[in-house]
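Peer 1: Below you'll find the structure I mean.
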Amino acid sequence: MKKKKTSEPEKQIEADERNIVAVDEAYKEAGFEDRMYLFWHKYSSVIIGLIVAVFAGLILYFAVLFLAERREASIRNQYSEAETPEQKVAFAREHTGHRLAGTAALEVADRRFNEEEYEEAAELYALARESLGGHPLAGRAGLGEAVAYVMQGRSDDAERALGALVEDEGVLQAVRMEAAYNLALLAFENEDYDRVRNLADRIGEEDMMGLWSGRAQSLVDDIP
């Protein structure tokens with residue numbers, strides 16, 4: 001009986017079947033492409049989720065940035081359109097905390113102070129101080145607020161405001177020294193002469209420009 005001859009295609013199929021090896025994480029001889037396939041097969045959902053999250057975060061960031069720029073442009077336009085004191089005050093109250101609100105409030109506060117409307121001036125100076133934050137003008141607003149309290153006879157409020165300015169190293173030195181001099185004036189009126197001397201000494205030590213040290217010393221010379 002003749003042996004059946006195996007054709008070349010059948011031999012190739014049999015050879016291929018013999019060489020088939022299951023490629024998984026336990027297969028130590030897996031090549032780079034096989035390992036990449038296994039990694040993608042295992043972590044593809046995580047990678048896709050991270051990519052989606054990153055793009056969503058970028059879209060949200062630029063959306064927030066765009067809205068913030070639009071809001072800032074709107075506030076600047078409203079500031080430029082506020083011409084009367086009443087409009088400026090309304091703008092300052094609506095946008096409390098914004099630097100332009102502080103600028104508007106400070107402008108009207110100075111006007112009210114010159115008109116001897118000290119109660120409203122003090123309120124607007126306080127609003128300006130709050131809105132200006134760390135800006136140098138915040139110290140001047142605080143000083144205006146304190147002096148407006150003095151003009152109303154509100155000595156306790158004035159001392160509190162002036163004392164805060166004197167101890168705030170973030171405030172311009174000229175403002176701090178003027179606040180210290182006004183504190184010395186209040187102390188002189190209250191006949192607290194020891195405090196007058198202490199404040200005058202401090203002004204003399206810290207007033208590098210000499211704007212207030214001479215006036216403070218004059219108070220000391222006038223002590224009975």
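Peer 1: What percent do you get for the relative contact order of segment 172-224 when only Cα pairs under 8 Å and 6+ apart count?
Peer 2: 40
Peer 1: For segment 188-224 and segment 99-142, what is the separation of their C-alpha centers, rounded to whole Å?
Peer 2: Answer, in whole Å: 27.
Peer 1: For segment 118-224, which GluC sites (Glu not before Pro) pass both filters: DSSP loop (anything but H, G, I, E, B) and at most 15 other C-beta atoms within 10 Å?
Peer 2: When the GluC sites (Glu not before Pro) of segment 118-224 are filtered for loop state and at most 15 Cβ neighbours within 10 Å, GLU169, GLU191 remain.
Peer 1: Along the Cα→Cβ direction, 7 angstrom out, place labels at ALA53 and GLU81. What is the inter-label distance in nm?
Peer 2: A separation of 4.3 nm, rounded to one decimal place.
Peer 1: If each residue's Cβ is checked for other Cβ atoms within 10 Å, how do MET208, MET151 rank with the fewest at the top?
Peer 2: Taking fewest neighbouring Cβ atoms as first place, the list is MET208, MET151.
Peer 1: Can you check how the C-alpha radius of gyration of segment 172-224 compares to 2.2 N^0.38 Å, as a plain ratio?
Peer 2: The value comes to 0.99.
Peer 1: Tell me, TYR125, TYR149, TYR118, TYR193 in order of fewest to most beta-carbon neighbours within 10 Å?
Peer 2: Final ranking by Cβ density, sparse to dense: TYR193, TYR118, TYR149, TYR125.
Peer 1: Taking 0.36 nm per residue of separation and subtracting the Cα-Cα distance, what length does fully extending SER155 through GLU94 add?
Peer 2: Additional length available on full extension: 18.9 nm.
Peer 1: Once phi is turned into ³J(HN,Hα) by the Karplus curve 6.51 cos²θ - 1.76 cosθ + 1.60 with θ = phi - 60°, what whole-Hz value does each residue of segment 209-217 show in order, with x for glycine and proline?
Peer 2: Working through the residues one at a time gives 8, x, 6, 10, 5, x, 5, 4, 5 Hz.
Peer 1: How large is the Kirkwood hydrodynamic radius of segment 129-186, in angstrom, based on all distinct alpha carbon pairs?
Peer 2: About 11.0 Å for segment 129-186.
The numbers here are math on the coordinates, done by the rules we state, and not lab data. Owing to the predicted nature of the structure, the values given are computational and were not obtained by experimental measurement. Here the Cβ is made from the backbone with ideal geometry for all residues, glycine too, and neighbour counts use every protein chain on show.
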